[in-house]
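Everything below concerns the one structure shown next.
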Amino acid sequence: MDKRERLVVEHVPKGLLIGGRWQPAASAAEFEVEDPSLATPLCAVPDAGAEDGLAALAAAGEAQPGWAAVPPRERGDILRRAYEELIRRQDELALLMTLEMGKPVAESRGEVGYAAEFFRWFSEEAVRIDGGWQTAPDGGGRIWTMREPVGPALLITPWNFPMAMGTRKIGPAVAAGCTMVVKPAHQTPLSMLALAGILQEAGLPDGVLNVVTTTRPAEVCEPLLRDGRIRKLSFTGSTAVGRRLLARSADQVLRTSMELGGNAPFIVCADADLDKAVSGAVTAKMRNIGEACTAANRLYVHASLAEEFTGRLAERLAALPVGRGTEPGIQVGPLIDAAARRKVADLVDDARRGGARAVLGGEPVDDLPGYFYPPTVLADVPPDGRLLREEIFGPVAPVVTFESDDEAIALANNTVHGLVSYVFTESLRGALRYAESLEAGMIGLNKGLVSTPAAPFGGIKHSGLGREGGRLGIEEFLETKYVALDA
Ligand code: NAD
């Protein structure tokens, strides 16, 4: 670490945030946060246990009534001040994120901006929570509806977008008047701790936001799900963990929002604009080093374009410099850890055993100290292999050809996931047909990036429940109460 990197890490409050106080774990245990580009430790943070999780929930429970009574404008103003501070400190926070997560610093900068935008969006939504008033159809009464915060929420976030996946939940929770316990991924706790410090400075009252860092997520979170004080679970992560948490949420009949895994098809039709399609594929595949739930996982290309598309994509990916994300010009950082790299390598090896051909890459980088895997393009990928069924979460682009739109739609929908699908076509008729036929919560039409705070982000099938962002995002944290009036 150089001096600036050390300063940025030192600046982060390293404690559990419970009831407005930064504190060590009750057991005093700590764990090390690692720099995945060097495979060396950055610093240590508290390793919470069940007792700490319950203390955080107690703080959230106590703060709930007072927080729900704070005027919406004041809640929005806190988010607005935090938004401004995130933008003011964008460079420093980007460096911090790159150090713990690995993505190139320009991408981290982008994520800090994206994360901040959720606070700006929800600062504006806080004052638009409204109710309803209706005359009963028979004229015999009035129907009055009002909105209330759901109550204390448990927010669990993944490592791949360590700040934006937090603000996408914290923003609407604050705006709606919910208190919360946040549990970030153990690989990337620092961005969340820095964010919590910023919210505290922005005036968020003690106990509204509590943060517990831990390497034992089940031990800390599952007692909370059994506790009557919790009313809401919002989770972003893998489908396997999401399914388990949904089952645990049945005990207290919790409101749940689930942003789970994806297996996005990326379809290039016979009439696609090839320049747009290649650029879209670079974005959809390489954003976040391929470690995104929205990453293009299966590239279906019309047979007439496949050779040219594959060649051009390989050329573009070959030109992306691989290395430590803090270095100038680097566009491909390391994967998050050794297990992630092993999984990507296994999937590629499995596909090659089934007959796939590496047009680019295909072997882990072994002359760098971190967990690097190079951009890889595979052709002749076996249709039933693991590579097309599982989330790759790495910079590997498998290309499969198709002959007709019917075939492309059937291939694209042949998955339990349904987060996002990308389609490239210049035909309006084709675009409509794909948009209506693809089983996904989101469609990228001639566009390799769908994420924006103003749109409802979320999936169907095993990709989840509920929507984050847009007008719907705050709904996940609001209850509706109806009053029947005699008139
Ligand atoms: P993960 O499911 O392993 O972990 C996600 C979070 O859940 C982490 O904070 C982890 O500590 C916690 N967790 C794990 N087991 C738990 C348990 N038993 N109880 C409570 N918490 C538990 O996923 P990951 O590897 O961190 O993230 C990658 C996954 O997230 C991918 O599948 C990706 O598609 C998905 N993801 C989805 C979205 C979306 O919006 N749909 C966005 C980003 C990532």
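The values are calculated or read from the model by the stated rules, or taken from the named source; none is laboratory data. Keep in mind it's a predicted model, so treat the numbers as computed, not measured. Reconstructed Cβ throughout: ideal geometry from the backbone, glycine too, with neighbour counts over all protein chains shown. Surface accessibility is based on the protein's heavy atoms, side chains included, excluding ligands, DNA and RNA. Shrake-Rupley method; radii C 1.70, N 1.55, O 1.52, S 1.80 Å.
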Where does the Debye-calculated log10 I(q)/I(0) of the stretch 347-425 sit at q = 0.14, 0.15, 0.26 Å⁻¹, using only Cα point scatterers of equal weight, no solvent?
-> -0.53, -0.60, -1.35
Kindly write out, for the stretch 126-140 in residue order, the coupling ³J(HN,Hα) from the Karplus curve 6.51 cos²θ - 1.76 cosθ + 1.60 (θ = phi - 60°), rounded to whole Hz, with x marking Gly and Pro.
-> 3, 8, 10, 6, 9, x, x, 8, 9, 8, 4, x, 8, x, x
The local net charge around ARG324, scoring Lys/Arg +1 and Asp/Glu -1 for residues other than ARG324 whose Cβ lies under 12 Å from its Cβ, equals -3
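At 1.4 Å probe size, with the rest of the protein present, what percent of the exposed accessible area of the chain is carbon and sulfur atoms?
Answer for the chain is 52 percent, counting heavy atoms of protein chains only.
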To the nearest 10 degrees, how steep is helix 338-353 against the longest Cα principal axis of the chain, on a 0 to 90 scale?
-> 40
Could you tell me what % of all Cα pairs in the stretch 264-307 have separations over 15 Å?
-> 39
Which whole-Hz ³J(HN,Hα) couplings does the stretch 388-396 yield from phi under the Karplus relation 6.51 cos²θ - 1.76 cosθ + 1.60, θ = phi - 60°, glycine and proline marked x?
-> 8, 9, 9, 6, 6, 6, x, x, 10
Binning at 5 Å from 0, report for the stretch 195-342 what percent of all alpha-carbon pair distances ends up in each bin.
-> 2, 7, 11, 13, 13, 12, 13, 10, 8, 7, 3, 1, 0
If you take the beta carbon distance between ASP77 and ARG429 as r and set R0 to 41 Å, what does 1/(1 + (r/R0)^6) give as a FRET efficiency, to the nearest 0.05?
-> 0.30
Which semi-axes, in whole Å and largest first, does the equivalent ellipsoid of the stretch 118-210 have when worked out from the alpha carbon gyration tensor as the square roots of 5 times its eigenvalues?
-> 34, 13, 11
Is any residue of the stretch 235-263 close enough, with backbone N under 11 Å, to a label point placed 7 angstrom from the Cα of GLU479 along the Cα-Cβ axis, and if so, which?
-> 255
Kirkwood-based Rg over Rh for the stretch 334-482 (C-alpha set), two decimals?
-> 1.04
Can you give the calculated 222 nm mean residue ellipticity of the chain, where each DSSP H run of n ≥ 4 adds -39,500 (n - 2.57) and the sum is split over every residue, rounded to the nearest 500 deg cm²/dmol?
-> -12000 deg cm²/dmol
Formal net charge of residues neighbouring ALA412 (Cβ-Cβ distance under 9 Å; K, R +1; D, E -1) | 0
Stretch gain in nm, segment GLU403-VAL416, where the contour uses 0.36 nm per residue and the Cα spacing is subtracted = 2.4 nm
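Among residues other than GLY20 whose Cβ falls under 13 Å from its Cβ, what is the net charge (Lys/Arg +1, Asp/Glu -1)?
On the way: positive: ARG21; negative: GLU62, GLU201, ASP206.
After counting each charged neighbour, the total is -2.
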For GLU426, list long-range residues whose amide hydrogen, built 1.01 Å from N in the peptide plane, is under 5 Å from its own amide hydrogen.
-> ASP271, ALA272, ASP273
Average accessible area per residue (Å²) across the stretch 73-195 - probe 1.4 Å, nucleic acids and ligands excluded = 31
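Normalised by the residues of the stretch 67-137, what does the relative contact order come to in percent, with Cα pairs under 8 Å and at least six apart?
That works out to 42 percent.
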For the chain, what is the relative contact order in percent, using Cα pairs closer than 8 Å and at least 6 residues apart in sequence?
-> 18
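Looking at the chain, what % of its DSSP beta bridges pair antiparallel, to the nearest 5? Let's see the in-between values first.
On the way: 29 of 65 bridges.
The answer is about 45 percent antiparallel.
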Over the stretch 1-139, what per residue volume does the convex hull of the Cα atoms give, in whole Å³?
-> 175
Measure off 7 Å from each Cα along the Cα-to-Cβ vector at LEU368 and MET146, then give the distance between these two points in nanometres to one decimal.
-> 5.7
Between ASP349 and ARG386, what is the label-to-label distance in nm when each label sits 7 Å out along the Cα-to-Cβ direction?
-> 0.9
With Cα coordinates, the longest principal axis of the chain makes an angle with the long axis of helix 239-249, in degrees rounded to 10, of 20
Kindly rank 405-418, 17-30 from highest to lowest mean number of other beta carbons found within 10 Å of each residue.
-> 405-418, 17-30
The long-range amide H neighbours of GLY444, using H built 1.01 Å from N in the peptide plane and a cut-off of under 5 Å, are SER421, TYR422, VAL423
Dividing the alpha-carbon Rg of the stretch 336-377 by 2.2 N^0.38 Å yields what?
-> 1.14
Relative contact order, percent, of the stretch 135-267 when contacts are C-alpha pairs under 8 Å separated by at least 6 residues?
-> 25
How many percent of the alpha carbon pairs in the chain exceed a separation of 34 Å?
-> 36
Using Cα atoms only, what is the angle between the long axis of helix 72-88 and the major principal axis of the chain, expressed in degrees (0 to 90) to the nearest 10?
-> 40
Karplus 3J(HN,Hα) series, Hz, for the stretch 9-15 with 6.51 cos²θ - 1.76 cosθ + 1.60 (x for Gly, Pro) | 5, 4, 5, 6, x, 10, x
Tail fraction, Cα-Cα pairs, the stretch 289-370, threshold 16 Å, whole percent | 63
Cα gyration tensor shape for the stretch 8-52, rounded if a/c is under 1.5, else prolate or oblate | oblate
Shape call for the stretch 143-269 from the C-alpha gyration tensor, a ≥ b ≥ c root eigenvalues: rounded (a/c under 1.5), prolate (a/b greater than b/c) or oblate?
-> rounded
Assuming R0 = 41 Å, what is the FRET efficiency of ASP271 and GLU84, from their Cβ-Cβ distance, to the nearest 0.05?
-> 0.35
Just the number, please: Stokes-Einstein D of the stretch 225-289 in µm²/s, Kirkwood Rh from C-alpha pairs, 25 °C, 0.890 mPa s.
-> 166
Here the FRET efficiency for THR283 versus ASP138, based on Cβ atoms and R0 = 60 Å and rounded to 0.05, is 0.60
ARG357 paired with LEU445, simple spin-label distance in nm, labels 7 Å along Cα-to-beta-carbon | 3.6
